[in-house]
1. Out of everything in segment 165-186 that is free of Cβ contacts under 8 Å to residues at least 24 places away in the same chain and in a helix (DSSP H, G or I), what residue ends up being farthest from the chain's Cα centre (by Cα)?
2. How many of the residues making up segment 91-147 are within 14 Å of Arg165 (Cβ to Cβ), among the small types (Gly, Ala, Ser) and either crowded, with 17+ Cβ neighbours inside 10 Å or outside the structural domain of Asp192 (by TED's automatic domain parsing) (or both)?
3. Hey, among Gly246, Gly269, Gly254, which residue is part of a strand (DSSP E or B) and either touching a residue at least 24 places away in the same chain (Cβ under 8 Å) or not aliphatic (A, V, I, L, M) (or both)?
4. Which of the residues belonging to segment 93-127 are within 18 Å of Gly150 (Cβ to Cβ), more than 9 Å from the chain's Cα centre (by Cα) and part of a loop (DSSP other than H, G, I, E, B)?
5. For segment 154-163, what are the residues that are in contact (Cβ under 8 Å) with a residue 24 or more places away in the chain and more than 16 Å from Ala143 (Cβ to Cβ)?
6. For residues in segment 146-164 being part of a loop (DSSP other than H, G, I, E, B) and touching a strand residue (DSSP E or B) at 6+ places or on another chain (Cβ under 9 Å), which is farthest from Gly247 (Cα to Cα)?
7. Scan segment 187-234 for residues that are of a type in the set (D, E, K, R), in contact (Cβ under 8 Å) with a residue 60 or more places away in the chain and outside any loop (DSSP other than H, G, I, E, B) and report the count.
Amino acid sequence: MTTAVGLDASTPRAEALAWMTERFAGSLIEDPKREAWLTLGAAADVPPLALIVAPEEPLGPAARRVEEFAARRAAGEPLSRIVGEREFWGLRLAISPDVLDPRPETETIVEASLGLLKGRREEPLRVLDLGVGSGALICALLAEFALARGVGVDISAGAAEVARRNVAACGLAGRAEIRVADWTSGVKGPFDLIVSNPPYIPGADLARLPREVRDFDPPLALDGGNDGLAAYRRIAPEGRSLLSAGGWLVVEVGAGQAADVLAIVERCGFVAAMVEKDLAGRDRVVIARQPA
């Protein structure tokens, strides 16, 4: 089949899929056929099954939108940013240029937190999310801990607004407060759980990130200072002052950073420090406990 030069309302879905696959391959998109499949489905607003059972169905009025999505994806923009939402822990969350695109590996924080507090699911826990971004973590945790209340903090007013919208959309507005602040400034404890996915990319490495991250995630959510550890040097001591006795700190870490972050939390007086791996087997989360 010959791929189209462009698309119009009469273009069959199968031809559009081939055209997008070829375009994405030329743009060095990883797994171009899969990306074309996902992008076409999102742009045409049809489920994947429809692309299988009715491949000759014309695009109709979706043709212009398909072309727009294809151009943006070929330029490296993630599909989640094109559609303006991301699924995280089974929740559909809005995202914007002001927030980090929440990724599946960050769900390791939620999994670890559930394991640490598995015997306290029916307690009125207090949760603090530092660097709340889209609100992915606080929404997931409050959805799991039905009686918990949470505070989310971000230095970005734009990010805080996105988090508020997501908290409300998840039906959690009555149990969550989103603040604009510099880490724990103005926050009062105690909390049973503090979580954070802070910026941890060394400043010199930002330019070498994949374009989907470098060009579309906000630098404020990526830049971890000279060695990538600046945020942990704030979170660990400030977190200790806000945790209840026996409370937990759970933070995401970058590649090769687990040992350094363990050393930081142990110097601050935390105990029972450990590392949790993600599904790919990479060190992803550092866990530490406030002394009882």
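The values are calculated or read from the model by the stated rules, or taken from the named source; none is laboratory data. Just so we're clear, the structure is a prediction, and the values are computed from it rather than from any experiment. Cβ sites come from the backbone with ideal geometry, for glycine too, and all protein chains shown count toward neighbours.
1. Gly174
2. Of the residues in that region, 4 qualify.
3. Within the list Gly246, Gly269, Gly254, the selection yields Gly246.
4. Leu117, Arg121, Glu122, Glu123, Pro124, Leu125
5. Residues of segment 154-163 that are in contact (Cβ under 8 Å) with a residue 24 or more places away in the chain, as a first pass: 154-156, 158-163.
Hits for segment 154-163 are Asp154, Ile155, Ser156, Gly158, Ala159, Ala160, Glu161, Val162.
6. Here is the first cut: in segment 146-164, the ones part of a loop (DSSP other than H, G, I, E, B) are 146-148, 155-156.
Next, from what is left, pick out any that are touching a strand residue (DSSP E or B) at 6+ places or on another chain (Cβ under 9 Å): 148, 155-156.
On the way: Ala148: 14, Ile155: 24, Ser156: 27 Å.
Going through the qualifying residues, I end up with Ser156.
7. Of all residues in segment 187-234, those of a type in the set (D, E, K, R) come to 188, 192, 205, 208, 211-212, 214-215, 217, 223, 227, 233-234.
Filter once more, keeping what is in contact (Cβ under 8 Å) with a residue 60 or more places away in the chain: 192, 211-212, 215, 217.
Adding the requirement that they be outside any loop (DSSP other than H, G, I, E, B) leaves 192, 211-212.
Residues that pass the stated criteria total 3.
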